[in-house]
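Engineer: Please read through the structure below; I'll follow up with questions.
The values are calculated or read from the model by the stated rules, or taken from the named source; none is laboratory data. From a predicted model like this one, the values you see are computed outputs, not experimental measurements. Methodologically, a virtual Cβ is constructed for each residue, glycine included, from the backbone with ideal geometry; neighbour enumeration extends over all protein chains shown.
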Amino acid sequence: MREPIVLCYHAVSPDWDVPLAVTPERLEQQVRRLLRLGFRPARLTDAVLLPKHERTFVVTFDDAFRSVLRLAQPILDRLGVPATLFVPTGWVGDEHRHAQWENMTQWRRDGREDELELMDWDEIRVLADRGWEIGAHTHTHPFLTRLDDAALAEELVRSREIVEAQLSRRCLSIAYPFGAMDNRVAGAAQQAGFATGVGLHGIRALADRRDADLLQWRRIGVYADDGTLRFNAKLALVAFTGSGSDKTSASVPLVRPGVPPVAPATQARVAVIVPFFNDGALATEAVASVTEDEPVEIVVVDDASTDPETTRALDMLRARGVTVLQHEVNMGPSAARRSGLVATTAPFVFPLDSDDLLVSGALKRLADRLEAEPAAAASFGDTQEFGTRSRRNTKPVALDAFRVAYRNEYPVCSLFRREALEAVGAWQDVGYEDWGLWMTLAERWETAVHAGPGFTAVRYRLHGPRLHGDAVTRHRRLYAELKRTHPRLFAEIGQHRRRSTMSWPRRLAYPLLFGGRPPLGLRTRWWALAARLRRALPGAAR
Ligand SMILES: [Zn+2]
């Protein structure tokens with residue numbers, strides 16, 4: 001049996017512009033997505049103690065905002081999804097009726113006090129009667145980890161007793177305010193009579209799966225800025241377990257040491273994302289090649305590797321303090337990079353493939369270039385092949401939309417501006433995900449720049465077929481797919497041709513020599529012919 005997925009929401013509003021509020025449309029999309037993926041809805045306690053289905057998900061709401069009754073309940077009712085509500089018992093009822101606890105007052109300034117309204121007990125009873133589970137959210141909504149033992153017990157017991165008295169039914173679950181929990185808090189919650197307790201987890205802690213702990217159950221926090229990309233990436237880290245995997249036993253798990261704290265937001269300019277799939281020690285070399293004079297955020301994404309050598313390499317990286325995210329099933333390089341994107345915060349993002357090596361100091365140079373060129377979506381350098389052959393690949397000076405429409409000459413390993421990546425959904429699950437990304441940027445008239453003549457950013461290993469070796473025979477189909485998915489690029493190809501910095505003969509030659517014509521990247525007669533023609537054309541490398 002797999003571990004249920006537990007989503008954590010707060011308020012629902014079409015126009016309250018705060019992280020805590022999701023729009024009704026987003027909520028519906030997200031729940032529908034889980035249903036489409038074959039997940040069955042359940043209330044928290046049922047899901048955690050007695051999951052009936054292979055794939056179960058739970059929708060929870062903290063704080064008892066009135067908007068949940070008004071806007072979320074009708075949607076969830078329609079979808080047949082009973083949710084779980086956590087009530088801060090000291091704040092609902094006649095006295096307060098507004099969320100005004102610590103950290104909440106910041107939302108009052110914008111004159112949207114109505115959005116801070118909480119339900120009263122009659123309204124909460126309506127939800128209970130409709131099949132929702134009502135859990136406790138303490139009495140006064142404090143940081144439980146800061147309380148002494150007596151105050152901690154008081155908060156927990158009192159809120160449980162009030163929920164039970166108001167609703168005349170057992171209250172078995174608690175959500176810790178602000179997600180603040182540790183082993184002491186979890187132990188106290190168990191003492192106070194709760195069967196399950198839920199926290200709130202950052203993406204890294206979610207991915208770092210341990211055996212389930214009933215009193216410190218993981219939830220995925222869903223916020224206003226969780227668009228499709230971020231929501232799906234969060235799901236990818238926890239949702240797609242292998243078929244009937246024995247990762248989680250069917251027996252009731254025990255209280256165990258809690259998950260590690262979420263790593264603090266970094267001050268780094270650059271995040272390096274290293275997708276990992278059965279690459280063994282090679283990938284540790286890639287990570288080790290990141291040598292910079294400034295802090296760099298590094299995240300390794302293991303795309304469900306299966307070989308023991310890779311497992312050892314991952315353990316070694318973890319021991320060195322490198323963050324390792326793990327997919328439960330192999331989802332491909334694009335999904336791995338997207339997971340890494342979501343798990344990092346630095347404004348610039350560098351995907352480093354596991355068989356590539358960064359040149360020392362390259363990230364600084366690329367980041368400096370992007371800072372100097374605020375309009376550019378990416379910066380890159382030349383590449384150097386090593387392994388079975390050694391060759392330097394000089395890259396164009398800038399992203400040329402006409403050029404990239406026919407041939408992908410831009411390096412996979414480039415430094416991207418996070419905003420630009422997120423705006424286009426980053427890498428897509430297509431055969432040529434890197435080429436596709438460059439085309440997408442080009443058709444949006446984005447720019448990307450070389451960090452300077454003669455500058456090499458990456459060395460890459462030639463060792464037989466690389467990731468896309470098997471894709472070469474599918475080239476025609478994949479290229480046709482790229483054309484289909486980038487209609488704007490090809491509709492405006494005349495404009496791009498005129499703006500291209502390539503010589504006119506090359507501009508004429510590119511559609512003839514490249515585009516859908518196989519093969520791409522293979523040393524064949526076609527390629528040799530193309531290379532000879534290229535050399536013969538004026539305005540050579542750049
Ligand atoms: Zn709360």
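Engineer: Provide a single number: the residues in region 32-45 that are in contact (Cβ under 8 Å) with a residue 40 or more places away in the chain, under 20 Å from residue 127 (Cα atoms) and surrounded by fewer than 23 Cβ atoms within 10 Å (Cβ to Cβ).
Structural biologist: 3
Engineer: Where residues in region 23-81 are part of a strand (DSSP E or B) and in contact with a helix residue (DSSP H, G or I) (Cβ under 7 Å, 6 or more places away or on another chain), which of them is farthest from the ligand (Cβ to nearest atom)?
Structural biologist: Residue satisfying both the conditions and the ranking: 56.
Engineer: Mind telling me which of the residues 14, 19 ends up being within 22 Å of the chain's Cα centre (by Cα) and surrounded by fewer than 18 Cβ atoms within 10 Å (Cβ to Cβ)?
Structural biologist: 19
Engineer: State the number of residues belonging to region 163-179 that are of a type in the set (D, E, K, R) and under 16 Å from residue 93 (Cβ atoms).
Structural biologist: Of the residues in that region, 1 qualify.
Engineer: Right, here's the next one. Looking for something away from the ligand (no atom under 14 Å from the Cβ) and modelled with pLDDT of 75 or more - is there at least one such residue anywhere in region 100-108?
Structural biologist: Within region 100-108, none of the residues are away from the ligand (no atom under 14 Å from the Cβ) and modelled with pLDDT of 75 or more.
Engineer: List, please: which pairs have Cβ atoms under 6 Å, are six or more places apart or on different chains, and start with a residue in region 420-435 that is closer than 16 Å to residue 225 by Cα and end with one that is modelled with pLDDT of 90 or more and part of a helix (DSSP H, G or I)?
Structural biologist: That search, which allows pairs on different chains as well, returns 424/440.
Engineer: When residues of region 1-21 are filtered for being under 15 Å from residue 59 (Cα atoms), assigned to a loop (DSSP other than H, G, I, E, B) and more than 16 Å from the ligand (Cβ to nearest atom), how many remain?
Structural biologist: Total meeting the criteria: 2.
Engineer: Anything in region 158-176 that is assigned to a helix (DSSP H, G or I), surrounded by fewer than 24 Cβ atoms within 10 Å (Cβ to Cβ) and in contact (Cβ under 8 Å) with a residue 40 or more places away in the chain? List them, or say none.
Structural biologist: Step one: list which residues in region 158-176 are assigned to a helix (DSSP H, G or I), which gives 158-167.
Filter once more, so that each one left must be surrounded by fewer than 24 Cβ atoms within 10 Å (Cβ to Cβ): 158, 161-162, 164-167.
Within region 158-176, 158, 162, 166, 167 meet the criteria.
Engineer: Considering only residues of region 124-157 that are assigned to a helix (DSSP H, G or I) and within 16 Å of the ligand (Cβ to nearest atom), which is surrounded by the most Cβ atoms within 10 Å (Cβ to Cβ)?
Structural biologist: 155
Engineer: Mind listing whichever residues of region 161-214 are among the basic types (Lys, Arg) and either at pLDDT 85 or above or over 22 Å from residue 128 (Cα atoms) (or both)?
Structural biologist: Hits for region 161-214 are 184, 204, 209, 210.
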